[in-house]
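Taking it in order: structure first as structure tokens, then the write-up.
The values are calculated or read from the model by the stated rules, or taken from the named source; none is laboratory data. Quantities reported herein were computed from a predicted structural model and do not represent experimental measurements. Backbone-built Cβ (ideal geometry, glycine too); neighbour counts: all protein chains shown.
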Amino acid sequence: MAIFILSLLLCLTILFALSYNRKTYQRINRLLDCVLNREEIPCSSLREGNFSALAGKIERIQNVLEKQVSLAQEEKEQVKSLVSNMSHQLKTPLANLSLYTEILETEKLEEEQKKQAVTKLKKQVEKLDWITSSLLKMIKLEQNVIIFEPEDCPIRETILDALDAVYEKIEKKGIHFAAELDQDYRLYHNRKWTAEVFVNILENAVKYTEKGGTIQISIHPYELCTEICFTDTGIGIREKEITRIFRRFYRSPEAENIEGSGIGLYLSNLILEKEKGYMMVKSQHGNGSAFSVFLQNCKK
């Protein structure tokens, strides 16, 4: 009799274990279906005793997967937007290259006309080179492919590097220029990349300042950082657009007929972020702008 009872208990235990395992399997299967179908896990599953720990982990896995899917979708949209903007930026210079090439192929073209066409052709090649170079730098900085550390450098030399790149344009347009560079300061920055920031600001100043206008550079030291201010008497920026000008590829409607790509200021911000610096702008529409770059002071 005892053997019979023990056998019965054993059978019941086995059946219970199989039943429990089957129910556990079914519960896990339902949870995995929720993950695969991107459905919310029922609250009841998170309150069922020992099973709740497993359900909680599956829920966390689901949240991680949802975040990854969201990031992947966001990156996909960014790439789509980038490709669209790049094709838009390259469209005009490529069309102009084709146009001037056709003009040069004309047999009856006079020598002076050929020279003009060649000059315009070179200008479009330079523009195309600048756009592709800026786009490449922008992508590398966004993806943290380019890593550079700021160094203890005299800021005057960096400013002079930038001036050397744009001074011919300033003179050609007849713009009055002044710079307060008598006293030098040593700031934490990368000379090459920071010069590119200054070039972008100065080229915008030249571009949007009429002949006879003024561009001025001044340096203002503070306790923790130093301000390098670029002031111009150009067309200025409307208040509602001040936060937009630092967006990638943004162009003001008023600047549609002025050559530009909408990359410079965005790229400059990326560079300054790497140096733990920043940029601010004050402007009044019709009365010029003042772009201020703030860089960290070196310890004395």
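Determine, yes or no, whether Gln183 is in a loop (DSSP other than H, G, I, E, B), polar (S, T, N, Q) and more than 27 Å from the chain's Cα centre (by Cα).
yes
State the number of residues belonging to the stretch 270-300 that are more than 23 Å from Pro154 (Cβ to Cβ), modelled with pLDDT under 90 and not small (Gly, Ala, Ser).
4
Just to verify a result, which residue in the stretch 209-230, among those that are of a type in the set (Val, Ile, Thr) and buried (at least 19 other Cβ atoms within 10 Å of the Cβ), is farthest from Phe294 (Cα to Cα)?
Only one residue tops the list, namely Thr209.
Which one of Thr226, Thr158 is in a strand (DSSP E or B), among the polar types (S, T, N, Q) and at pLDDT 90 or above?
Exactly one residue qualifies, and that residue is Thr226.
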